[in-house]
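Read through the structure below, which is laid out as structure tokens, and then see the notes.
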Amino acid sequence: ADQMLAGKVIGIGVAALASLLILPACAAAPKRRTPLASRPAPKVGVTATGTASWYGPGYHGKRTACGEKFDQDALTAAHGSWPCGTRVRVTLLSTDKSVVVVINDLFPNHKGRLIDVSRGAARAIGLIGPGTGKVKVEVVR
């Protein structure tokens, strides 16, 4: 009876070990983000309207998703899907002021925002005071 019990224990151990080796191979591959450089560029003239916010002080000097050192006073922006190097005109609808920025960062579309502009860009269009505002974004290159 002891030999029979020992055989069952060994059999169970071998089955458990086999499942540990086989099951991970059956798991779904992890989701991979599209590399920033290979994201499809939007066509010139494409427009979108939504909420913009600005960022700067906590990120100044840190690396952007595009690998650049972030300069809060430069005319740059973060977008949820457009590739690095995309140039867009951002117009704050309440002031009718616009600025051309280069997308050099990526952000999750948090709080339904369309774009996050640098402090320098926010200053140019009058977004510093309100912090957020409705904008029209147009791809220019």
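The values are calculated or read from the model by the stated rules, or taken from the named source; none is laboratory data. No experiment lies behind these values; they were computed from the predicted model shown. As a convention, Cβ positions derive from the backbone with ideal geometry for all residues, glycine included, and neighbour counts pool all protein chains shown. Please note that ligands, DNA and RNA were not included when accessible areas were found on the heavy atoms of the full protein model with its side chains. Shrake-Rupley method; radii C 1.70, N 1.55, O 1.52, S 1.80 Å.
Per residue, the range 42-99 exposes 53 Å² of solvent-accessible protein surface, assessed with a 1.4 angstrom probe and all protein chains in place. A straight chain from A65 to K97 at 0.36 nm per residue would run longer than the Cα-Cα distance by 8.8 nm.
All other residues whose Cβ lies under 14 angstrom from that of K69 are scored, Lys and Arg at +1 and Asp and Glu at -1, for a net of -2. T95 sits among other residues whose Cβ lies under 15 Å from its own Cβ, and their net charge, with Lys and Arg +1 and Asp and Glu -1, is +4.
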